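Only one structure is covered here, and it is reproduced in the block below.
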Amino acid sequence: VSDVALPDLVHLPPMEVAGRAGRLREALGATEGSAQALLVTKLVNIRWLTGFTGSAAILLVLPDDRLLFVTDGRYAEQAADQLAAAGVEAEIRMALTAAGQYELLGAAASGLVLGVEADHITWAQERRLDEHFPHVAALVPTEGVVAALRQVKDGGEVARIEAAASVASVALDRVGHLLYERVTENDFGLALDTEIRRLGAEGNSFPTIVASGPNGAKPHHRAAGSPRVIVEGDLVVLDYGALVDGYCSDMTRTVAVGPVGDTETRMYEVVRAAQAAGVAAVRPGATSVEVDAACRSVIGAAGWAEAFTHGTGHGVGLEIHEDPRVSWSVTATLEAGQVVTVEPGVYLAGLAGVRIEDTLVVTGGGSRPLTHSPKNPDFRSW
Ligand code: ZN
Ligand code: ZN
């Protein structure tokens, strides 16, 4: 098995939550329309700004260090506890109905140029704005303001992602032997998911992918419900992650169950080399296009350019897919503190697939991996 150790999930290092709203206020000034306040309706953004993990809240980020946090009665105590634990000072108000909540928010936003999260507001919410915000100076749409700030992780966030990744690696160490025992994709996925929970994670960061033999050629083949039995000679793509304190991990390993064919062996070597080239390209100042091209050129040189059918990677944090995207079609420049994946693959329909994925934190001079399982197709030699 790998030498990955179980992380201490009880004593995770603190995150710097309290300063985030201040950075958001600075960023708002630079938005189109220069919003003075922001109505945050996306829950994961509220979590990032306040530490609140519940399922219903709206946060109004106001000038002069003021935050108005509005939720319903179910979350009165939890909101007070979690914001205090995060060191976040906010006025916490309850209202039982959406109309009541919007009345509170509208009164507080009176006279201000108010930004809304254009990608995360429903039509019903938009109509309530019309109804309950008659006195704002202007409503301006914003896109990706909080998402842009969330890209750069603090040390506590990186530690949570790495802890989640280590739980995921140890879980694979403990159940990987089942791959050689004629297990179905469904049952292997279930064993892996169960072990992740048993080891103390909150759950999976996304539905586990177990894709054996020809199923491996489908990059997002789900384990759940799949009756295919994993047999000798299969390559098995395992793409999965754990969740620790709300933070996701993401790793893909491809395992060869017993001896595999020459094509499969070559696929593995090409993808491993492509992934290493991509990892080597990750550093501050590198563009998404450059990292993508580093992977793609290795696979292209092997004659499989058409078989690498997706982008190279993505940011990881409170969400499994965040900015920055790492792809030929994205204008993004990497900077220290971002957490991104590098996950090239080769997929040959009817035969097999290989993908290898690590999650990396961009450092001052390059990157450091947060996923630590071996990259060797023979699980029994780990
Ligand atoms: Zn993945
Ligand atoms: Zn990924």
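The values are calculated or read from the model by the stated rules, or taken from the named source; none is laboratory data. Note that the structure is a prediction, hence the values are computed from the model and not measured. Cβ sites come from the backbone with ideal geometry, for glycine too, and all protein chains shown count toward neighbours. Accessible surface areas use protein heavy atoms only, side chains included; no ligands, DNA or RNA. Shrake-Rupley method; radii C 1.70, N 1.55, O 1.52, S 1.80 Å.
Assorted remarks:
- Boolean, V291 is touching a strand residue (DSSP E or B) at 6+ places or on another chain (Cβ under 7 Å), in contact (Cβ under 8 Å) with a residue 60 or more places away in the chain and either surrounded by 19 or more Cβ atoms within 10 Å (Cβ to Cβ) or outside any loop (DSSP other than H, G, I, E, B) (or both): no
- Qualifying residue in the range 269-286 (condition: over 22 Å from the mean Cα position of the chain (by Cα), at pLDDT 95 or above and basic (K, R)): yes
- Whichever residue in the range 2-36 is of a type in the set (A, V, I, L, M) and over 18 Å from A163 (Cα atoms) and, among such residues, is nearest to the chain's Cα centre (by Cα): V17
- Any hit, the range 100-123, residues being open to solvent by less than 30 Å² (accessible area, probe 1.4 Å) and more than 15 Å from L39 (Cβ to Cβ): yes
- Taken over the range 124-151, the criterion of being surrounded by 17 or more Cβ atoms within 10 Å (Cβ to Cβ) and in contact with a strand residue (DSSP E or B) (Cβ under 8 Å, 6 or more places away or on another chain) is satisfied by L129, F133, V136, L139, V140, T142, V145, V146, A147, R150, Q151.
- Any hit, the range 273-283, residues being more than 16 Å from ligand 1 (Cβ to nearest atom), assigned to a loop (DSSP other than H, G, I, E, B) and open to solvent by 10 Å² or more (accessible area, probe 1.4 Å): yes
Rundown of residues vs (1) modelled with pLDDT of 95 or more; (2) in contact with a helix residue (DSSP H, G or I) (Cβ under 9 Å, 6 or more places away or on another chain); (3) β-branched (V, I, T); (4) surrounded by fewer than 22 Cβ atoms within 10 Å (Cβ to Cβ), yes/no style:
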{"position": "P214", "(1), (2), (3), (4)": "yes, no, no, yes"}
{"position": "A224", "(1), (2), (3), (4)": "yes, yes, no, yes"}
{"position": "R228", "(1), (2), (3), (4)": "yes, yes, no, yes"}
{"position": "V236", "(1), (2), (3), (4)": "yes, yes, yes, no"}
{"position": "G241", "(1), (2), (3), (4)": "yes, yes, no, no"}
{"position": "D250", "(1), (2), (3), (4)": "yes, yes, no, no"}
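- Every residue from the range 14-62 that is assigned to a loop (DSSP other than H, G, I, E, B), open to solvent by less than 30 Å² (accessible area, probe 1.4 Å) and farther than 23 Å from S205 by Cα: T31, A35, L62
- Single condition V362 does not satisfy, out of (1) under 19 Å from the mean Cα position of the chain (by Cα); (2) surrounded by fewer than 22 Cβ atoms within 10 Å (Cβ to Cβ): (2)
Listed here are the residues, each with its yes/no results for (1) farther than 25 Å from A27 by Cα; (2) in contact with a helix residue (DSSP H, G or I) (Cβ under 8 Å, 6 or more places away or on another chain).
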| residue | (1), (2) |
| --- | --- |
| R93 | yes, yes |
| G115 | no, yes |
| P141 | no, yes |
| L149 | no, yes |
| G156 | no, no |
| A165 | yes, no |
| A191 | yes, yes |
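- When V298 is tested against (1) within 17 Å of V346 (Cβ to Cβ); (2) among the β-branched types (V, I, T); (3) at pLDDT below 95, just one condition goes unmet, and that condition is (3).
- Among residues of the range 233-251, those that are of a type in the set (D, E, K, R) and more than 9 Å from ligand 1 (Cβ to nearest atom), counted: 2
- The one condition from (1) away from ligand 2 (no atom under 16 Å from the Cβ); (2) surrounded by 21 or more Cβ atoms within 10 Å (Cβ to Cβ); (3) closer than 17 Å to D358 by Cα that I299 does not meet is (3).
- Checked across the range 315-338, the condition of being more than 16 Å from ligand 1 (Cβ to nearest atom), assigned to a strand (DSSP E or B) and surrounded by fewer than 16 Cβ atoms within 10 Å (Cβ to Cβ) holds for at least one residue.
- Pick from the range 339-350, criterion in contact with a helix residue (DSSP H, G or I) (Cβ under 6 Å, 6 or more places away or on another chain) and either in a loop (DSSP other than H, G, I, E, B) or without any contact (Cβ under 8 Å) to a residue 12 or more places away in the chain (or both), ranking: nearest to V255 (Cα to Cα): P344
- For the range 63-81, a tally of residues being more than 15 Å from R23 (Cα to Cα) and either basic (K, R) or in a helix (DSSP H, G or I) (or both) returns 9.
- The sole residue among Q82, Q78 that is of a type outside the set (D, E, K, R), under 30 Å from T194 (Cβ atoms) and open to solvent by 50 Å² or more (accessible area, probe 1.4 Å) is Q78.
- Only residues that are part of a loop (DSSP other than H, G, I, E, B), of a type in the set (A, V, I, L, M) and touching a Leu at 6+ places or on another chain (Cβ under 8 Å) were counted in the range 225-245, giving 1.
- The C-beta contact set for the range 68-88 (first residue over 18 Å from L105 (Cβ atoms), second residue of a type in the set (V, I, T) and assigned to a helix (DSSP H, G or I), distance under 8 angstrom, 6+ apart or interchain) comprises Q82/T50; A86/T50.
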